[in-house]
Amino acid sequence: MKNKFLVVGSLLMSTVFVANAQQVALQNNGAERKVEVTVDGKPFTAYIYPGTDVLKKAVLYPVRTAEGTLVTRGWPMDPRPGERVDHPHHVGVWFNHGDVNGYDFWNSSNAVDRTKNKYGDIIHTGITDLKSGKGKGELSVTADWVSQDGDTFLKEKTTYIFRASGDERIIDRITTLTAQQDVTFTDSKEGMFGMRLARQMELPSNKAEVFTDANGVATKVASLNNEGVTGNYRNKEGVKGDDVWGKRSAWNDLSGKIGNEEISVAIFDHPQNLGYPAYWHARGYGLFAVNPMGDKEYSGGKETRNEKLPKGKSITLRYRLVIASHHLTDAEMNKLAGEFGKVK
């Protein structure tokens, strides 16, 4: 009898949990070329597919906390006062690489001179699945990785899983790339799953810097007023600040404050990914990326990775992004990492 009551009680608790779960809803807005994602009717993010003068890839933009605070930079889509206006290809949350068969997919935008260097675009080709639900929603899409000369290098299939729990928002991205011809991902620091953060989530800095891409194109990142700039990185090994750049780790957390809201933005590598744990392309000016294909540049030449994918072969990469309306502890980060490790 006691066991019977335990089973009934457990079922009742499960029913209550489902009833209280937040509704994650996905709505395709074809006219504006985006899929809007809401939680209990409030905006979370949107999958925006190319068709504008700005984007050369599909992105998630903007991204908000559970309280509705924007954590992604607005420029160049929706400029906000006090933001940096460098690197126009840094829009929202994206996935690409700096050297695929000699073509740069990372820096591709209408702001570059395509007669001086070779660039590639990631063209959205379709939505294959769209699901809303309690606590979780899913979006599956396809895309082609195409050179500016019209060659298709890769076919992409990506599933986004959007989760909502309490004051946390989670996005899992599972991407499979299939080679349409022999493909080489040449070692490049410019990759692969990344995002660009709001000014408040940057690390305070009092100096201007110049960053040069793989094509030798230099971009100056100006020194700005640090008022309200509160960000700081921390990886699994306890490395902090700008020192997380070029370090291997299973996860990185960027904590800061926007207004009165304490915020963590965290990215997780997956144990089944190539090169796990991967190197991190995380800059103080708001670029936050994990890259499994930049070993040479991150290690100072001690390691090299030129990943070859023969025609017809595939590679799958999985990443998790967590946006929390509180500062995540190491214990919480490791729990989230363990849960993500079970995602296939």
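Inspect region 240-249 for any residue being open to solvent by 70 Å² or more (accessible area, probe 1.4 Å) and more than 30 Å from Lys207 (Cα to Cα) and give the result as yes or no.
No: region 240-249 contains no residue that is open to solvent by 70 Å² or more (accessible area, probe 1.4 Å) and more than 30 Å from Lys207 (Cα to Cα).
Can you work out which of the residues in region 282-304 that are touching a helix residue (DSSP H, G or I) at 6+ places or on another chain (Cβ under 7 Å) and surrounded by fewer than 23 Cβ atoms within 10 Å (Cβ to Cβ) is farthest from Phe95 (Cα to Cα)?
So the residue we want is Glu303.
Within region 305-329, restricting attention to residues that are among the basic types (Lys, Arg) and under 26 Å from Leu197 (Cβ atoms), which residue is surrounded by the fewest Cβ atoms within 10 Å (Cβ to Cβ)?
Residue satisfying both the conditions and the ranking: Arg318.
Residues that are in contact with a Ser or Thr (Cβ under 6 Å, 6 or more places away or on another chain), crowded, with 18+ Cβ neighbours inside 10 Å and touching a residue at least 40 places away in the same chain (Cβ under 8 Å): does region 108-116 have at least one?
Checking region 108-116: not a single residue is in contact with a Ser or Thr (Cβ under 6 Å, 6 or more places away or on another chain), crowded, with 18+ Cβ neighbours inside 10 Å and touching a residue at least 40 places away in the same chain (Cβ under 8 Å).
Tell me which of these Leu26 doesn't satisfy, since it passes every other one: (1) in contact with a Lys or Arg (Cβ under 8 Å, 6 or more places away or on another chain); (2) assigned to a loop (DSSP other than H, G, I, E, B); (3) modelled with pLDDT of 95 or more; (4) surrounded by 13 or more Cβ atoms within 10 Å (Cβ to Cβ).
For Leu26, the failing item is (2).
Sort out which residues of region 92-107 are farther than 24 Å from Arg318 by Cβ and open to solvent by 10 Å² or more (accessible area, probe 1.4 Å), and write them in order of number.
Of everything in region 92-107, those that are farther than 24 Å from Arg318 by Cβ and open to solvent by 10 Å² or more (accessible area, probe 1.4 Å) turn out to be Gly102, Tyr103.
Quick check on my filter: what residues within region 181-228 are open to solvent by 60 Å² or more (accessible area, probe 1.4 Å) and among the charged types (D, E, K, R)?
Answer for region 181-228, where residues must be open to solvent by 60 Å² or more (accessible area, probe 1.4 Å) and among the charged types (D, E, K, R): Asp182, Lys207, Glu209, Lys220, Glu227.
Collect the residues in region 117-140 that are of a type in the set (A, V, I, L, M), open to solvent by less than 30 Å² (accessible area, probe 1.4 Å) and within 22 Å of Trp75 (Cα to Cα), keeping them in residue-number order. Break it down into steps so the answer makes sense when it comes.
We begin by selecting, within region 117-140, every residue of a type in the set (A, V, I, L, M); these are 122-123, 127, 130, 139.
Filter again for open to solvent by less than 30 Å² (accessible area, probe 1.4 Å), leaving 122, 139.
Of everything in region 117-140, just one residue is of a type in the set (A, V, I, L, M), open to solvent by less than 30 Å² (accessible area, probe 1.4 Å) and within 22 Å of Trp75 (Cα to Cα), namely Ile122.
Hey, among the residues in region 250-281 that are charged (D, E, K, R) and over 11 Å from Arg234 (Cα atoms), which one's surrounded by the fewest Cβ atoms within 10 Å (Cβ to Cβ)? First the steps, then the outcome.
Filtering region 250-281 for residues charged (D, E, K, R) gives 253, 257, 261-262, 269.
Subsequent filtering for residues that are over 11 Å from Arg234 (Cα atoms) retains 257, 261-262, 269.
Working: Lys257: 15, Glu261: 17, Glu262: 17, Asp269: 30.
So the residue we want is Lys257.
Could you grab me the full set of residues in region 164-180 that are over 15 Å from the mean Cα position of the chain (by Cα) and either of a type outside the set (A, V, I, L, M) or open to solvent by 30 Å² or more (accessible area, probe 1.4 Å) (or both)?
Ser165, Gly166, Asp167, Glu168, Thr176, Thr178, Gln180
The values are calculated or read from the model by the stated rules, or taken from the named source; none is laboratory data. A quick note: this is a predicted structure, and the numbers were derived from the prediction, not measured. With ideal geometry, Cβ positions are generated from the backbone for all residues, glycine too; neighbour counts draw on all protein chains shown. Heads up: the accessible areas ignore ligands, DNA and RNA and are worked out on the full protein's heavy atoms, side chains in. Shrake-Rupley method; radii C 1.70, N 1.55, O 1.52, S 1.80 Å.
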